[in-house]
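Please treat every number below as a calculation from the coordinates, not as lab data. Given the structure is predicted, the values throughout are model-derived calculations rather than measurements. Reconstructed Cβ throughout: ideal geometry from the backbone, glycine too, with neighbour counts over all protein chains shown.
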């Protein structure tokens, strides 16, 4: 939106006739939306009267409309230097800084303008609006940080004690924990980028025993939830796959919206679901000793798709697939 330009000179102008004529012509072009021609005329006028603050203010407005922000800011600073008591220089500076999205600095400039013209409703509105923009920008930055800096290990810290209780020394379960964290972080990143995940089961294969030319670390299960039959066939296949591939752990990843069966776990009814209607990601982790399931809810905020913290569920009520591994009390 074009800024208004000054209609008359201020203290510091020499008032030359040629300069005035150029300024007036520049104002006409500015009002007509020809900012490039206006800026050129203001430049000619400045050459004739280089101490005229109004000319620099007007050219700053023209440069701002042309999105030549560094030039506009330089002219605003010159306006202030030539006439530090005139609020227009600070207004110009604030407007340029606002366009640069430097909201905090823009507010400071507008507050300075208000000191010199306390009755300016326009400046007061600018300050109020920029305060809101600053809050929105800060929140957007926080959301972007949350999307970019995913740290599932922090959220799964309490799960370490369960793994320790079942597997003893950390070196016995550290690889499985890292596998779980990496799988969950990959799923969340995919969701942030595309708002979806592929229905898959990831396997932590035994580097020494697994025939890697025969068994891959990922199995697609796109059809698993289409009917009771496909569901039953899927986990039967996965049980066999886990045993024959000598997998140490498995991790199912699927979206809530993709589960057409079972939609209601073990007859518990939808009343048992307490995590809202939003879509999200289920992650079911399996080892011979441990079974856990989490739900990572998704939401939309200020145009960002954001995954919330993982919520542990009762696997007895909310398992996505039955037990994949043969149960043992503790792994050696």
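Calculate, in nm to one decimal, what residue 69 and residue 149 gain on full extension: separation in residues at 0.36 nm each, minus their alpha carbon distance.
Extending this stretch completely gives an extra 25.6 nm.
Please determine, in degrees from 0 to 90 and to the nearest 10, the orientation of helix 228-244 with respect to the longest principal axis defined by the Cα atoms of the chain, where the helix direction is its Cα long axis.
Value to nearest ten degrees: 80.
Helix 103-116: angle to the longest alpha-carbon principal axis of the chain, degrees 0 to 90, nearest 10?
It works out to around 30 degrees.
Once you wrap a convex hull around the alpha carbon atoms of the range 115-170, what is its projected area averaged over all directions, in nm²?
6.5
Please find, in a Gaussian network model of the chain (springs between Cα atoms separated by less than 10 Å), the residue of 192, 318, 155 whose mean-square fluctuation is greatest.
Maximum among the listed residues: 155.
Select one label from (1) 63, 22, 17; (2) 38, 25, 17; (3) 68, 18, 18: the one whose number is semi-axes √(5λ) of the Cα gyration tensor in Å as derived from the coordinates shown.
(3)
Using only the alpha-carbon atoms, what does the range 152-318 span along each of its principal axes? Please give whole angstrom values in decreasing order.
Principal extents (largest minus smallest coordinate, Cα): 46, 38, 31 Å.
Just to be sure I understand the model, the point goes 7 Å from the Cα along the line to the Cβ. What's the resulting residue 246 to residue 101 distance in nm?
For the pair residue 246/residue 101, the computed spacing is 5.3 nm.
Translational diffusion coefficient, Stokes-Einstein: compute it for the range 76-197 using the Kirkwood radius over C-alpha pairs as Rh, at 25 °C and 0.890 mPa s, and state it as an integer in µm² s⁻¹.
Rounded, D is 132 µm²/s.
Distance from the Cα centre of the range 291-319 to that of the range 117-188, in angstrom?
Using only Cα atoms to place each centre, the spacing works out to 14 Å.
Using alpha carbons only, how many degrees (0 to 90, rounded to 10) separate the axis of helix 69-82 from the longest principal axis of the chain?
40
When a/c is below 1.5 the answer is rounded, else prolate if a/b is larger than b/c, else oblate, so apply that to the range 289-330 with a ≥ b ≥ c taken from the square roots of the Cα gyration tensor eigenvalues.
Prolate.
How many nm is it between the label spots at residue 300 and residue 220, if each spot is 7 Å from the Cα in line with the beta carbon?
Modelled inter-label distance: 2.8 nm.
How high is the relative contact order of the range 17-146, in percent, counting Cα pairs under 8 Å that sit 6 or more residues apart?
15
Whole Å is fine, so just give me how far the alpha carbon centre of the range 192-238 lies from that of the range 29-78.
65
With the chain treated as a Gaussian network of Cα nodes joined by springs under 10 Å, which of 32, 61, 113 yields the largest mean-square fluctuation?
Its mean-square fluctuation being the largest, the pick is 32.
Would you list 172, 307 from fewest to most Cβ contacts within 10 Å?
172, 307
Classify the range 17-146: rounded, prolate or oblate, from the alpha-carbon gyration tensor (a ≥ b ≥ c, eigenvalue square roots; a/c under 1.5 rounded; otherwise prolate if a/b is larger than b/c)?
Because a/c hits 1.5 or more and a/b exceeds b/c, the range 17-146 counts as prolate.
Could you work out the helix-only [θ] at 222 nm for the chain, with each DSSP H run of four or more residues adding -39,500 (n - 2.57) and the total divided by the number of residues, to the nearest 500 deg cm²/dmol?
Counting only the DSSP helices, I get -16500 deg cm²/dmol.
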